[in-house]
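Asker: Below are the structure tokens for one structure; questions will follow.
The values are calculated or read from the model by the stated rules, or taken from the named source; none is laboratory data. Fair warning: this is a prediction, and the values are worked out from it, not measured in the lab. All Cβ positions, glycine included, derive from the backbone under ideal geometry; neighbour counts span all protein chains shown. All accessible areas refer to the heavy atoms of the entire protein, side chains included, with ligands and DNA or RNA removed. Shrake-Rupley method; radii C 1.70, N 1.55, O 1.52, S 1.80 Å.
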Amino acid sequence: MAFIAPILFSLGLSYSVMSMIWALPPTVGMLFIPVIGSVSDRCRLSWGRRRPVLLALGIAVLMAMMLIPCGGLIAQTLGLDHLVFMVTLIALGITVTDSGVGAATALCQTYALEVCAIPDHARVLNMMIFLKGVGTILGSSIGAIDWNALPLGIGSVNNETIVFLTTWIVFVVCLVSTLTSYREIPLPVMEKDAMLRPVTHHEIDIHLNRQQQVDCPLIPIEETVSEQLQCRQLIHSIIHMPLAMKKVYITAMLSSMSNMIFQLFLSDFVATKVFHGDVKAPKESEEFQMYEAGVRYRCMGMMLQATSVALFSLVSKRLMDRFGIRRMSSITNPIPYLLLSHYHSKNALILGLVLGSIVDAVGTCTVTLFIAGGCAFLAAISASTIMYLDL
């Protein structure tokens, strides 16, 4: 996230176009993450339900990650030396990487909760938040290093490529660790045991068909409920969602919007307004060097933020037991995950398409900080109205 904005701006793109590109991943995620979750729920492979899908997502993310720093070079190699093709490849890499990671994160959370007892769910989620903080610290540290200044003999490779390659290696290690962490019980085996049987689409279909047979004996039993009916039921459940659940979703949406807006434009803000750099300047110029220094400084700030989140996750349970969640509702990272684990639901959040147009109209990316602060303030107000289920 720290390097994507500089990469896009180096191609001469405007804030509006960059904002539109960043709107692609959540839009794609909103459409396909529920489908991926459904495929995972129905997966009948002997390897389990979650790990096969996590492997496929991991491979897709690994391939897409290298499109981001190398999209321009790949387009030139293929003879597509045009800005449109370069931006298309980079946008494809951003979309697959971000939406793939989002889907994998949701599946990892489900995977972790399925292999532990319900009383341990809060502790598991706190541990995931802590590890997320550790991962952000590691990633930010990688981005904060000036790799070209190190005596590694890689001066000919640009800094962004080295950062993505190093992250790629770390991702491979973490993916292998996740896939080999815990053996899942295959779905066919679970369906044979009443104690292990999950509430799957297959079970719902059987129940509905049995009820239909009781009500209308002359109507033959069908194997599956139509996809159209399932889609209608999904839309109906969203529209008629309980008020308490809507408040949780609104709070999570505002929190995510605030964080995404802040993180998305922070690199350019620090590099241009604080370090007075210019990403479009010649690479040997002082302005360009100052811009890259600003991006690395931003990574250092992310590292400090992640450190505070990781430390907070270690003591959040004790603090919430002592003061209650409502008094700590301004902390927008760990608490929504704890609440959603009690509501047994998921969410998908979308960043607005108009943000880049606002920056272009105002003429400065400083306005994004005010918008992010406003969203965070509204999130805190919304969080104060949530029903906390005696947490």
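Asker: For the structure I just gave you, tell me whether L54 is at pLDDT 85 or above, surrounded by 15 or more Cβ atoms within 10 Å (Cβ to Cβ) and within 18 Å of the chain's Cα centre (by Cα).
Answerer: Considered against the rule, which asks whether it is at pLDDT 85 or above, surrounded by 15 or more Cβ atoms within 10 Å (Cβ to Cβ) and within 18 Å of the chain's Cα centre (by Cα), L54 comes out as yes.
Asker: Go through segment 268-278 and give me each residue that's assigned to a helix (DSSP H, G or I) and more than 14 Å from E160 (Cβ to Cβ).
Answerer: Scanning segment 268-278 gives D268, F269, V270, T272, K273, V274.
Asker: Within the bounds of segment 338-348, is there any residue that is modelled with pLDDT of 70 or more and within 22 Å of Q109 (Cα to Cα)?
Answerer: Looking for residues that are modelled with pLDDT of 70 or more and within 22 Å of Q109 (Cα to Cα), one finds none in segment 338-348, hence no.
Asker: Here are A281, A244, A293, A194: which of them is among the small types (G, A, S), open to solvent by 70 Å² or more (accessible area, probe 1.4 Å) and either at pLDDT 70 or above or in a loop (DSSP other than H, G, I, E, B) (or both)?
Answerer: A194
Asker: Considering segment 80-126 alone, what residues qualify as being within 16 Å of S181 (Cβ to Cβ) and either surrounded by fewer than 21 Cβ atoms within 10 Å (Cβ to Cβ) or of a type in the set (F, W, Y) (or both)? Quick ask: steps written out before the conclusion?
Answerer: To start, the set of residues in segment 80-126 that are within 16 Å of S181 (Cβ to Cβ) comprises 104-105, 107-116, 120, 124.
T105, C108, Q109, T110, Y111, A112, L113, E114, V115, C116, D120, V124, listed by residue number.
Asker: Being within 30 Å of A383 (Cα to Cα), modelled with pLDDT under 85 and in contact with a Leu (Cβ under 8 Å, 6 or more places away or on another chain) is true for just one of I261, I239. Which residue is that?
Answerer: Of the residues listed, the single one that is within 30 Å of A383 (Cα to Cα), modelled with pLDDT under 85 and in contact with a Leu (Cβ under 8 Å, 6 or more places away or on another chain) is I261.
Asker: Looking at segment 23-37, I want the residues that are open to solvent by 80 Å² or more (accessible area, probe 1.4 Å) and have a partner that is at pLDDT 80 or above with Cβ atoms under 7 Å, at least 6 apart or on another chain. Which pairs are those?
Answerer: Partner pairs satisfying both residue conditions: F32/S99.
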